Amino acid sequence: MNRQKQTSDFTAGYACIQSFYWMSFSAVMGFTSLYLLDVGFTNTEIGIIIAIAGIISAILQPVFAGYADKPKSPSLKKIILFLASLLLILSLALFLLHRRSVFFNGLFYGGCITLLQLLQPLINSLGMEVVNQGKKLNFGISRGIGSTAYAVAAYFLGLIVAKSGAGAIPISMIVTFAAVFFFTLRFSFQKGTHTEHSANHEKTGNPFIFFKKYPRFAVTLIGCCLIYISHIFLNSFTFQIVENIDGGSSEMGLSMSLAAIFELPTMFLFSRMLKKAPCDFWFKISGIFFMLKTLGTLLAPSIPAFYAVQIFQMLGWALITVSSVYYVNAIMEKKDAIKGQAYITMTYTFGSVLGSLIGGALIDGFGVKTMLAFGTASAFVGMIIVFFSAQKTKEI
């Protein structure tokens, strides 16, 4: 009876952290273009802001991961609390300075993007470390609840912004980051102990030695980066995509909600899916559905058709989000697990950098359709690379 209560407590508490993280992700990343266009930036400038934020985040992710892995470093919980505090401060600054300074709006919003991306691998690692300590936590269900929260936030924020304007976005960020801080503070977590010699830890902290140890993982990350470029096109420039087919902010919010809802079956049932096939199988096939979603968006002639395309989210983003976490946990030694999660997220960040720069420039220079055609090709090449480079794993 005590074991069941303990399991329920860990899953529920972690689900709250995931929920408010993804609600904040919806506000920051889903409404980036809308907010920055509102305060005076062009599409190309928005791409540059997202890219710079991504570059900084990509540099910091392995640094933070290596630091978190050290035996004498603060726990993941404390590091997450620190980053959530910084995000809350930047959100308050955006609220106070909305439309008062183009420069500071860009600077602070870029800071939020950087820290938000930095937070993701640490939250994923928090859940997997609880699992690795032998405590029962259903990561897929927790992440699925996070997607449910994302869907709700995207839908209602789209409606609110349509009525009240872009000033509602910083307010939503303040609320969600405060909630991330609160539920992380309440989460019962103790840092695990490392049995490996510290010298071995220092060696794998070096990225060249790390990738020499996991060479196929390095190739897999290249494929993931190309896949993520297509994903960034669809997510960072959603507003421009729906405008191109006669939609607006409410249609954008609804499409984001539908995509998040379609993620739920995969995330809730992933533990059962692992009994049918190992995580590398699911990791590999996710690329197919990224390509299909980008291609479907390219061909969608209307808003209803665009809504229908969101079904590919079920075995695209939803599948890679959960399977990649399990995949890294399966192929790496425990002492390398946090770094592995950071490199996966860093790859997403690099995809974000390239996708933002290329996407903004393509829209300004050639239009939305050209951007989507490029994204389809990128997803196809990435799918092929991941399929042949990802190594086989055993069932977890």
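The values are calculated or read from the model by the stated rules, or taken from the named source; none is laboratory data. Since this is a predicted model, take the numbers as computed values, not measurements. When we count neighbours, we look across all protein chains shown, and the Cβ atoms used for this are built from the backbone with ideal geometry, even at glycine. Protein only, heavy atoms only, side chains kept; ligands, DNA and RNA dropped before computing areas. Shrake-Rupley method; radii C 1.70, N 1.55, O 1.52, S 1.80 Å.
When each pair of different Cα atoms in the stretch 1-141 is counted once in the 1/r mean, what is the Kirkwood radius in angstroms, to one decimal? Kirkwood hydrodynamic radius for the stretch 1-141: 16.6 Å. Using a Förster radius of 22 Å, what is the FRET efficiency between Leu96 and Lys163 based on their Cβ-Cβ separation? Nearest 0.05, please. So, using R0 = 22 Å, E works out to roughly 0.50.
Packing order of peptides 220-232, 46-58, 151-163, highest average first: 220-232, 46-58, 151-163 (average count of other Cβ atoms within 10 Å over each peptide's residues). Going by a ≥ b ≥ c, the root eigenvalues of the Cα gyration tensor, does the stretch 186-326 fall in the rounded group (a/c under 1.5), the prolate group (a/b larger than b/c) or the oblate group? Judged from the Cα gyration tensor, the stretch 186-326 comes out prolate (a/c at least 1.5, a/b above b/c). Counting charges near Gly106 (Lys, Arg +1; Asp, Glu -1) among other residues having Cβ under 15 Å from its Cβ returns a value of 0.
Shape class for the stretch 257-314, computed from the alpha carbon gyration tensor (a ≥ b ≥ c): oblate, with a/c not under 1.5 and a/b at or below b/c. Extension gain, Gln391 to Ala218, is 61.1 nm, computed as 0.36 nm per intervening residue step minus the present C-alpha separation. With the simple model of a label 7 Å out from the Cα in the direction of the Cβ, Asn132 to Asn206 spans 2.2 nm. Between 0 and 90 degrees, the angle of helix 215-236 with respect to the longest Cα principal axis of the chain falls at about 30 degrees.
Stretching Ser73 away from Ile89 to a fully extended chain increases their span by 3.4 nm, per 0.36 nm per residue minus the current alpha-carbon distance. The angle between the Cα long axis of helix 249-276 and the main principal axis of the chain comes to about 20°, on a 0 to 90 degree scale. Contact order for the chain, expressed relative to its length and based on alpha carbon pairs under 8 Å spaced 6+ residues apart, stands at 29 percent. Of the peptides 69-75, 324-330, 135-141, the ranking by mean beta-carbon count within 10 Å, highest at the top, reads 324-330, 135-141, 69-75. Rolling a 1.4 Å probe over the protein heavy atoms leaves Asp246 with an accessible area of roughly 140 Å². Overall, the chain carries a charge dipole of about 1360 debye about its Cα centre when +1 sits on the Cβ of Lys and Arg and -1 on the Cβ of Asp and Glu, all other atoms neutral. The Leu269 and Asp364 beta-carbon pair, evaluated with R₀ = 41 Å, returns a calculated FRET efficiency of approximately 0.50.
Peptide packing for 175-182, 276-283 was compared via the average number of neighbouring C-beta atoms within 10 Å per residue; ordered from the highest value, the list is 175-182, 276-283. Looking at the chain as a GNM with Cα springs under 10 Å, which of Gly146, Gly296, Gly375 has the largest mean-square fluctuation? Top of the fluctuation ranking is Gly296.
Pro301 sits among other residues whose Cβ lies under 14 Å from its own Cβ, and their net charge, with Lys and Arg +1 and Asp and Glu -1, is 0.
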